[in-house]
Every structure is written in C-alpha cells, then in structure tokens.
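The values are calculated or read from the model by the stated rules, or taken from the named source; none is laboratory data. All figures in this text were calculated on a predicted structure; none of them were measured in a lab. Note that we place each Cβ from the backbone using ideal geometry, even for glycine, and neighbour counts take in every protein chain shown.
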Ligand code: MIC
Ligand code: SF4
C-alpha cells in the first residue's frame with residue numbers, strides 16, 4: 001500500500017511502537033533547535049542528564065526572543081550561559097541578530113525527510129522543506145539532544161489539496177487563515193496536515209513555510225509539504241543542493257481526511273481579536289481605523305514578504321499614513337542584508353517604516369505594544385488577548401499584502417484595491433554568510449559554562465502520592481493559552497528563574513494567584529476545552545508545579561502542554577462530561593482518591609468534598625507516562641532509567 005509523506009518519515013525514524021493511529025510511538029530525532037526563552041531550561045536539563053556531547057546530527061541554539069532587554073543583567077546572563085553551554089556540549093550557537101530561529105533554520109539547516117524537534121511551537125516551519133518538524137517542551141528537546149527518542153501518538157494524516165493558483169494580492173497567509181477559519185484552533189489536534197495537489201508547485205519554499213508555521217495554531221502535531229523541484233531550487237539558492245532529496249506521497253497514499261482549497265477563488269483573509277481562528281474576509285472589515293502595522297515574525301518575515309511590502313510602497317510612491325506606526329522585523333540577517341543591498345530596505349525607510357532587529361520583537365510583546373484600545377494589524381501568528389502587552393488592544397492577523405495596504409491608507413483595506421502587484425522573484429542565489437553561527441568548541445573540556453545570578457537551578461517535583469487533596473484555585477473557560485498561564489513580554493527575562501517567574505502565573509486573570517496558591521500549599525486548576533494551547537513553554541507547567549499545583553482537570557488539552565504537565569509531575573485529567581465541569585466551583589475542596597489504581601485503568605475518582613459529588617476523570621496516559629508521573633516527572637524518570 002502506498003504511503004503519504006508523514007508515514008514515510010515516521011517509518012524511517014521509528015524506534016518503538018506500532019504505526020496505529022493514536023498509539024504511542026518513539027522516533028529518532030535528527031536535529032534539534034532551542035531558542036533563548038526556552039533554551040536556558042532545556043540546557044540546564046541537558047546538563048542534569050549528565051550527557052557530555054549531543055547525539056543528534058545537528059543541534060542549534062538560537063537567540064531571537066529576548067535580544068535587547070531593557071534595564072538589567074538577566075538577558076545578558078542568559079546569553080552568556082547559552083553560548084558557553086552550547087560550545088561545551090556540541091551545539092551550534094546562532095548569535096542575537098542572526099535572526100528568528102525558524103526562518104534561519106529553514107534557510108540554512110532544514111533537510112527534506114529528516115526529523116526536527118524544537119523547544120518552540122512554531123518548529124513546524126521547516127515542514128516547508130519537507131521535514132517532519134515538531135514543537136515540544138525544553139525537557140523533551142534535552143532528551144532528544146541526549147539521543148533519546150521523542151514520543152508522540154501516531155497521528156492521523158490530513159491531506160490539504162491545493163488547487164489552482166493564487167490571484168494577485170492573495171498570498172500564503174490567506175491559505176492558512178482560510179484553514180483556521182474552517183478547522184478552528186483545535187481542528188488539528190492529533191493530526192499532521194500534509195499539503196498536496198497542483199497548487200503546491202506554485203508556492204515557493206518561504207510561502208510553504210508560512211503555512212506550516214501557522215499550522216501550529218490549528219493545534220496540529222505538525223504540517224509538511226512535499227520536497228520537489230521548488231525545494232531543490234531553494235536549497236540550491238542557499239548553496240546546499242546536496243541537502244536535497246525528493247519526498248512525495250505515493251500515488252495510492254491513504255489519508256484519514258481530505259480538504260480542498262481552491263486557490264483561485266481565495267480572498268485576502270484576516271483573523272480578528274483575540275483568536276487566530278476568528279477569520280473573516282478582509283473586505284468584511286474594510287474601513288476600520290488602524291493605529292499600528294507590524295510586519296515580521298516567524299510567519300511572514302522572509303525576503304519575499306519584505307520585498308512585497310517594500311516594492312508596494314516604492315512603486316506607488318506611498319508613505320506610511322501619519323496616524324499609523326509601522327514596524328518591520330526581518331526574519332534573518334540574510335533577509336536584512338539582501339534587502340539592504342537591493343534597496344528594499346531604503347524603500348521601507350523612506351516610506352516611514354521603523355526597522356527593528358531580526359528577532360521576535362513585538363510578536364512576543366517585546367516592544368511596540370499598541371496604544372490603549374488600539375487596533376494593530378500584524379503579519380504574525382497569534383493574537384491572544386494581552387500577548388501584545390496591551391490588554392485592551394485589538395490585534396488582527398493578516399498577510400504582508402493586507403498589512404501594507406493598511407499602513408498606506410490608515411484603515412483596513414482590501415489589498416486588491418492597490419494597483420500593480422509587485423512580482424517578487426525568488427533569488428537565484430541567496431546571500432550566504434553563516435559567520436553569526438558559532439560552531440561548538442574543538443576543546444570542550446576547556447570551556448567553562450558561565451552561570452550568572454539569573455540562572456537559577458531547576459525545581460524538581462517529588463514522587464506522586466495515592467491521594468491528592470486541595471482547593472480549586474482557579475476555574476477557567478475554553479482555549480486558555482500558555483500566554484494566560486505564564487505570560488511573556490516584560491516577564492521574559494525571568495525564564496531562567498522559576499521562583500521569580502512563578503509570580504506571573506495567571507496574573508492577567510488573577511493578580512494574586514501565586515500568593516493564593518502558595519498560601520493554600522498548592523491545589524487544583526480547572527480548565528475548559530483546549531487548555532494550554534499556543535506556545536511550547538514548559539514554564540506553563542514548571543511554574544504551577546513550583547506553586548504546588550498537583551493536577552489540572554479540564555475538558556481537553558493541547559498536545560504540547562499536556563506533555564509538559566506530565567514531564568513536570570502534574571496530572572492532566574479530563575472531565576467525562578460538561579456537567580461534571582459545571583458542578584465544581586472556584587474554591588471547592590477536591591480529593592483525587594485511589595490514584596495508583598486509577599492510573600492502572602483509565603479513570604480516577606474525583607470527589608468534590610464541598611458538594612459531596614463524586615465523579616470519574618480520565619487520564620489517557622501511556623504506561624511510560626504513568627511511570628514518569630509516579631516518580632515526579634521526566635527528569636527523575638530519565639535519571640532512574642540511566643542509573
Ligand atoms: C510564542 O510564540 O509563543 C513563543 C514565545 O515563541 C513560544 C515559546 C516561548 O514561550 O518561549 C512558542 O511558540 O513555543
Ligand atoms: Fe518568535 Fe513570534 Fe515566532 Fe514565537 S511566534 S517564535 S515569538 S516570532
């Protein structure tokens with residue numbers, strides 16, 4: 001029987017388990033990436049595992065999230081630690097300024113047919129060159145660096161059949177926004193989204209990467225494109241044609257679901273506040289006044305994207321509307337250098353765009369927070385409430401085409417109203433200069449790992465008991481994001497300092513949560529559907545663990561966050577019915593009873609001691625996860641296994 005692309009890569013990397021949908025498998029990881037905001041924890045964990053040199057084909061540590069922290073030593077401490085720990089253990093180090101991890105990895109390292117694990121949820125970007133690239137918590141990445149397998153449930157595979165070709169002013173971002181409109185932020189859970197059809201040939205690698213990048217917002221395990229002639233040309237233009245190999249689905253490949261998108265009839269789309277799936281046509285919102293336009297992020301910061309914006313401004317002799325503040329963050333040093341040599345940068349500057357560093361910047365609330373009640377149009381991938389740094393701002397997600405139209409007219413405008421669509425050709429040769437990627441040391445024994453005062457040691461949970469009692473410390477609704485649990489922005493500098501960062505837990509919802517949790521000696525968190533969606537930050541489990549949270553009971557969980565909770569010894573449990581969720585109130589006293597027996601089956605008894613009601617909650621853990629939870633999480637488990 002024929003295979004699809006996902007099955008081919010998984011089969012080639014399988015080390016344990018059966019290829020049956022929903023069953024846990026273990027796969028070998030070829031490459032890993034970390035970024036600074038999740039990397040410090042990941043390397044502390046790697047150190048704790050006692051492995052000397054990474055065992056992957058390639059591991060890269062990127063500095064791109066918190067590059068220019070204001071006022072204080074924390075950020076610089078983190079960077080020094082990351083640089084020295086990389087040199088010591090065989091990891092390449094991409095310096096701040098070299099660009100956003102996903103864009104740089106796509107340009108310089110991604111390889112068709114390989115597996116990539118990254119401590120960032122947008123790692124699937126490299127699916128644009130036919131890699132099976134997945135986001136995970138830093139601890140999972142540390143284990144993969146040590147040569148351990150990555151565990152996941154064998155996914156369903158969805159074929160998205162792209163037909164026809166995009167019309168002018170409609171681009172890759174509109175394709176993924178359309179998919180989000182159809183499938184929602186939970187639509188991809190447990191699935192790999194694979195792209196095929198005649199429309200694929202018309203999309204360049206960076207356009208494909210925009211789509212695989214934002215597949216993270218569908219909750220998908222990952223997204224992947226075929227590796228074809230377009231991929232070969234891209235890799236050749238990056239001076240690495242030898243990394244290319246063909247990877248396409250067999251003609252008789254089977255899929256669990258099929259979806260068709262007709263590119264020719266697609267219109268410019270826009271995601272409204274405050275979820276990436278609240279998508280409508282741009283024309284439906286025409287005329288809404290805009291305060292800010294931000295171009296960049298790992299979704300839309302490629303050479304192609306920035307040149308579309310620059311050329312539109314230049315050809316039409318436009319300036320940015322006086323009431324709009326427009327920023328542009330290039331995805332990489334390569335992109336920035338190339339647009340500076342071909343005058344694209346000059347066009348942006350002339351028109352009044354403000355040029356930021358090649359980093360995440362405003363996407364993670366690092367600068368350029370919108371004004372009060374402001375409307376911000378961003379080419380980014382997430383518009384969760386408060387993520388921009390301004391809680392009452394209204395953030396919309398759009399393509400570079402729609403962004404530039406709004407910058408010109410000062411209001412939401414269908415970009416098809418602009419005249420000539422600039423034709424941006426993919427360069428025959430990209431400017432290749434890897435001088436900001438520092439290779440690991442030839443003499444690792446001589447490298448001293450520098451840990452300034454911001455690098456605090458890692459808290460570790462103790463073993464699980466047979467019963468847990470405690471109060472409901474907070475009851476939440478659906479789609480709670482990791483930005484709600486442990487926000488970024490000004491808190492980002494405490495990513496290496498769990499005790500301090502724990503003060504941020506749920507602070508946007510209940511400013512005193514951390515005090516309440518500590519006073520009560522820990523307790524329970526209740527959630528609705530898709531609890532923990534968004535980022536891969538394991539701090540969203542680590543910090544609650546530090547505050548004494550023992551279990552999160554929700555209607556359903558996002559994949560990466562559920563794994564992170566288990567990794568840090570917190571029980572993620574699922575309600576059997578909405579009525580059970582409704583029957584518990586904030587402040588109720590709960591007891592999980594007979595946990596060990598419950599772990600052996602799939603349900604544990606939850607008693608609401610306040611109301612007297614008893615119910616069953618499901619866990620769905622594999623036997624490996626049960627063993628991990630019993631000893632207090634993955635680090636203890638890995639240590640015990642290697643002993
Ligand atoms: C994000 O976009 O939310 C982040 C910041 O890149 C996170 C990682 C982090 O929290 O450090 C992600 O996507 O995983
Ligand atoms: Fe950085 Fe934003 Fe991409 Fe996260 S989504 S990696 S913060 S650019």
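I'm trying to understand the selection: among the residues of the range 86-101, which are more than 15 Å from ligand 2 (Cβ to nearest atom) and in contact with a helix residue (DSSP H, G or I) (Cβ under 6 Å, 6 or more places away or on another chain)?
Hits for the range 86-101 are 88, 93.
Among the candidates 243, 250, 228, single out the residue that is at negative phi, surrounded by fewer than 16 Cβ atoms within 10 Å (Cβ to Cβ) and touching a residue at least 12 places away in the same chain (Cβ under 8 Å).
None of the others qualify; the one that does is 250.
If I go through the range 35-64 residue by residue, how many of them are closer than 17 Å to residue 494 by Cβ and either more than 15 Å from ligand 2 (Cβ to nearest atom) or not in a loop (DSSP other than H, G, I, E, B) (or both)?
Counting residues in the range 35-64 that are closer than 17 Å to residue 494 by Cβ and either more than 15 Å from ligand 2 (Cβ to nearest atom) or not in a loop (DSSP other than H, G, I, E, B) (or both) gives 10.
Counting just the residues of the range 65-85 that are touching a residue at least 12 places away in the same chain (Cβ under 8 Å) and assigned to a loop (DSSP other than H, G, I, E, B), which one comes out farthest from residue 144 (Cα to Cα)?
72
Inspect all residues belonging to the range 480-497 and state whether any of them is surrounded by fewer than 20 Cβ atoms within 10 Å (Cβ to Cβ), in contact (Cβ under 8 Å) with a residue 60 or more places away in the chain and more than 21 Å from residue 385 (Cβ to Cβ).
yes
Might you let me know whether the range 366-380 holds any residue that is farther than 18 Å from residue 274 by Cβ and within 16 Å of ligand 1 (Cβ to nearest atom)?
yes
Only one of 91, 54, 85 is crowded, with 23+ Cβ neighbours inside 10 Å and over 22 Å from the mean Cα position of the chain (by Cα); which?
Only one candidate qualifies: 85.
Kindly check whether there is at least one residue in the range 6-29 that is within 16 Å of ligand 1 (Cβ to nearest atom) and within 20 Å of the chain's Cα centre (by Cα).
No.
Given the condition at negative phi and part of a helix (DSSP H, G or I), answer yes or no: does some residue in the range 389-400 qualify?
Scanning the range 389-400, I find at least one residue that is at negative phi and part of a helix (DSSP H, G or I), so the answer is yes.
Where in the range 135-252 are there helices (runs of 4 or more DSSP H), lying wholly inside it, with at least 2 residues that are within 16 Å of ligand 1 (Cβ to nearest atom)?
In the range 135-252, 138-145, 172-183, 205-214 are the helices (runs of 4 or more DSSP H) which contain 2 or more residues that are within 16 Å of ligand 1 (Cβ to nearest atom).
Of these, 430, 380, 384, which one is away from ligand 2 (no atom under 16 Å from the Cβ), assigned to a loop (DSSP other than H, G, I, E, B) and buried (at least 20 other Cβ atoms within 10 Å of the Cβ)?
It is 430.
Per-residue answers, yes or no, for (1) closer than 18 Å to residue 209 by Cβ; (2) in contact with a strand residue (DSSP E or B) (Cβ under 7 Å, 6 or more places away or on another chain); (3) within 16 Å of ligand 2 (Cβ to nearest atom):
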| site | (1), (2), (3) |
| --- | --- |
| 273 | no, yes, no |
| 278 | no, yes, no |
| 301 | yes, no, yes |
| 314 | no, no, no |
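Does residue 330 satisfy the criteria of being over 13 Å from residue 406 (Cα atoms) and either in contact with a helix residue (DSSP H, G or I) (Cβ under 6 Å, 6 or more places away or on another chain) or at pLDDT 95 or above (or both)?
yes
Looking for whichever is under 28 Å from residue 503 (Cβ atoms) and free of Cβ contacts under 8 Å to residues at least 40 places away in the same chain here; the options are 613, 562. Which one fits?
Of 613, 562, the one residue that is under 28 Å from residue 503 (Cβ atoms) and free of Cβ contacts under 8 Å to residues at least 40 places away in the same chain is 562.
Taking residue 463, is it within 30 Å of residue 202 (Cβ to Cβ), in contact (Cβ under 8 Å) with a residue 24 or more places away in the chain, away from ligand 1 (no atom under 16 Å from the Cβ) and surrounded by fewer than 20 Cβ atoms within 10 Å (Cβ to Cβ)?
no
Just for the range 336-360: of the residues that are buried (at least 24 other Cβ atoms within 10 Å of the Cβ) and within 16 Å of ligand 1 (Cβ to nearest atom), which one is nearest to the chain's Cα centre (by Cα)?
So, considering only residues that are buried (at least 24 other Cβ atoms within 10 Å of the Cβ) and within 16 Å of ligand 1 (Cβ to nearest atom), the one nearest to the chain's Cα centre (by Cα) is 360.
Which of the residues belonging to the range 68-78 are away from ligand 1 (no atom under 13 Å from the Cβ) and under 22 Å from the mean Cα position of the chain (by Cα)?
68, 69, 75
Residue-wise test of (1) under 19 Å from the mean Cα position of the chain (by Cα); (2) at pLDDT 95 or above; (3) in a strand (DSSP E or B); (4) surrounded by fewer than 24 Cβ atoms within 10 Å (Cβ to Cβ).
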position: 514; (1), (2), (3), (4): no, yes, no, yes
position: 518; (1), (2), (3), (4): no, yes, no, yes
position: 525; (1), (2), (3), (4): no, yes, yes, no
position: 537; (1), (2), (3), (4): yes, yes, no, no
position: 540; (1), (2), (3), (4): yes, yes, no, no
position: 544; (1), (2), (3), (4): no, yes, no, no
position: 564; (1), (2), (3), (4): yes, yes, no, no
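Please verify whether residue 32 is in contact (Cβ under 8 Å) with a residue 24 or more places away in the chain, assigned to a strand (DSSP E or B) and in contact with a helix residue (DSSP H, G or I) (Cβ under 7 Å, 6 or more places away or on another chain), treating the condition exactly as stated.
Answer is yes for this residue.
Answer with yes or no whether residue 114 is under 18 Å from the mean Cα position of the chain (by Cα), closer than 28 Å to residue 249 by Cβ and buried (at least 24 other Cβ atoms within 10 Å of the Cβ).
no
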